[in-house]
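Let me begin by presenting the structure, written as structure tokens, before commenting on it.
The values are calculated or read from the model by the stated rules, or taken from the named source; none is laboratory data. This is a predicted model, so every value here is computed, not measured. Cβ atoms come from the backbone with ideal geometry, glycine included; neighbour counts cover every protein chain shown. Accessible surface is based on the protein model in full, side chains and every heavy atom, while ligands, DNA and RNA are left aside. Shrake-Rupley method; radii C 1.70, N 1.55, O 1.52, S 1.80 Å.
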Amino acid sequence: MWWMMGEAGGHYCSKKTDDICGGVCSQETGKFFSFSRLCCALRGVDMKTYIFLLVIVPTCVLAGYIHGQKISYFLRPLWESPPKPFHDIPHYYHENASMETLCKLHGWGVREYPRRVYDAVLFSNELDILAVRWRELYPYITQFVLLESNSTFTGLPKPLVFAAHRDEFKFIEPRLTYGTLGGRFVKGQNPFYEEAYQRVALDQLLRIAGITDDDLLLMSDVDEIPSRHTINLLRWCDEIPRILHLRLKNYLYSFEFLVDSKSWRASVHRYEAGKTRYAHYRQSDEILADAGWHCSFCFRRISEFIFKMKAYSHNDRVRFSHFLNPKRVQRVICKGADLFDMLPEEYTFKDIIGKMGPIPHSFSAVHLPSYLLENADKYRFLLPGNCIRESE
């Protein structure tokens, strides 16, 4: 074996190495190319290691990039404990039962006259579901309070959709307090800051609407719809909890896809001036069972789905641009799959595995908002068996 000094000095290679490396070191000139170090370092590496480095490792990196969020959600039980369970209050109702009987069954007294009720919402673009909500609640709401911004939670400019369609809600006008809010359009800001900013503004609008102590305040998103008999029960019964969450049936895309009965963010408050703040998080341990419906992403048009995917607080879930492809969105809706290709947000492996895959189709339209069934032709897209959406 012979050795040759490279012109750069301090680097050597052998005849054997030169043969293996395919002439990296020149016998005539002794020139040492920059990648000879790597070549020499790989001397003696077998084929399995080459496959691991060149195939397996890049594949794992790519899989992590594409499915990292899924992996994180699947492993959630290892790093996050489930929240404290609610205290579920059984819900009793029959249309022929007296209010005195119903209040007594819940362990409450009955009032001589009902409380006033205020329904307050932040509005984005959910015109159809807003109509269903307000028609359902209309008999028992004292004042409807709606705040609309020209900015989404993610800082995107948006038109004042309700203002442009206000004539469609003339039936509500005598009981409507409507306000608008200019967006701050802060680039790169966490969407939840903008959402909190709008909810604080809603507190101010409620005071303008005339809410007073011991009035009932319904806090929920537009698509979280309490049943009218639930609101009637709470306005007539005495000694109800000061803050009571409502457990709603959880639907996705329409009333064809029943996810579960675990929606809990909607709540009813006995208003206290200077203390009650409009919020959309857990504020109590008490929850009333089977109190209504939560129909998430229940839109008429594909364009509305795409707008919300980009506009709401969890827009970071749009990890790839093809998620917004209209044809893909339509396929996902009819399949009952997840628009963001995510795993279920659960806290045990049993629940995660149990909910993996598309949501089973339901063919029941029993116990839905009455206005929806009375106007089935107009709102057929919300009923079972009608998954195709309008393109525009």
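With a point put 7 Å past each Cα toward its Cβ, work out how far H322 is from R242 in nm, to one decimal.
According to this spin-label approximation, the distance is 5.4 nm.
Quick one: which of K275/K310; K327/K355; K187/K378; K187/K355; K187/K335 span more than 32 angstrom between C-alpha atoms?
Values: K275/K310 34 Å; K327/K355 25 Å; K187/K378 39 Å; K187/K355 36 Å; K187/K335 35 Å.
Beyond 32 Å: K275/K310; K187/K378; K187/K355; K187/K335.
Subtract the Cα-Cα distance of E392 and L160 from 0.36 nm times their separation in residues, and report this length gain in nm to one decimal. Write down the numbers at each step before the final one.
Values: separation 232, 0.36 × 232 = 83.52 nm, distance 1.81 nm.
Extra length available between E392 and L160 comes to 81.7 nm.
Spin-label point model (7 Å from Cα, Cβ direction): what's the R111 to R277 distance in nm?
2.6
Sort out for me the Cα centre separation of region 80-147 from region 192-260, rounded to whole Å.
When both Cα centres are located, 7 Å separates them.
Any idea what the relative contact order of region 58-211 is, in percent, if you count C-alpha pairs under 8 Å spaced at least 6 apart? Numbers along the way, then the final one.
Details: 138 pairs, mean separation 30.8, N = 154.
Result for region 58-211 is 20 percent.
If Lys and Arg each add +1 and Asp and Glu each add -1, what is the summed charge of the other residues whose beta carbon sits under 15 Å from the beta carbon of G385?
Details: positive: K335, R380, R389; negative: E256, D377.
Local net charge: +1.
Pairs of Cα atoms under 8 Å, at least six residues apart: use those to get the relative contact order of region 253-323, whole percent. Please list the in-between numbers first.
On the way: 24 pairs, mean separation 26.2, N = 71.
Once normalised by length, the contact order is 37 percent.
Amide H to amide H under 5 Å from S151: which residues, 5+ apart in sequence or cross-chain, H placed 1.01 Å off N in plane?
Close amide H contacts, sequence-distant or interchain: K158, G183.
Largest first, what is the accessible-area ranking of V259, V222 with a 1.4 Å probe?
Details: V259 55, V222 0 Å².
Final ranking, largest accessible area leading: V259, V222.
Once you list every other residue whose beta carbon is under 14 Å from the beta carbon of T177, what net charge do they have if Lys and Arg are +1 and Asp and Glu are -1?
Values: positive: R116, R166, R175, R207; negative: D119, E148, E173, D203, D215.
So the environment of T177 carries a net charge of -1.
If Rh is defined by the Kirkwood formula over all Cα pairs and Rg also comes from Cα, what ratio Rg/Rh do you get for region 239-341?
Numbers: Rg = 16.8 Å, Rh = 15.7 Å.
That ratio equals 1.07.
Arranged from highest to lowest average of other beta-carbon atoms within 10 Å per residue, in what order do the peptides 341-347, 240-246, 212-218, 358-364 appear? Don't skip to the end; give the middle numbers.
Working: 341-347: 15.6, 240-246: 21.3, 212-218: 17.3, 358-364: 12.4.
Listed from highest to lowest mean packing, they are 240-246, 212-218, 341-347, 358-364.
Remind me, relative contact order of region 141-281 in percent, using alpha carbon pairs under 8 angstrom and six or more residues apart?
Values: 186 pairs, mean separation 33.2, N = 141.
It comes to 24 percent, rounded to a whole number.
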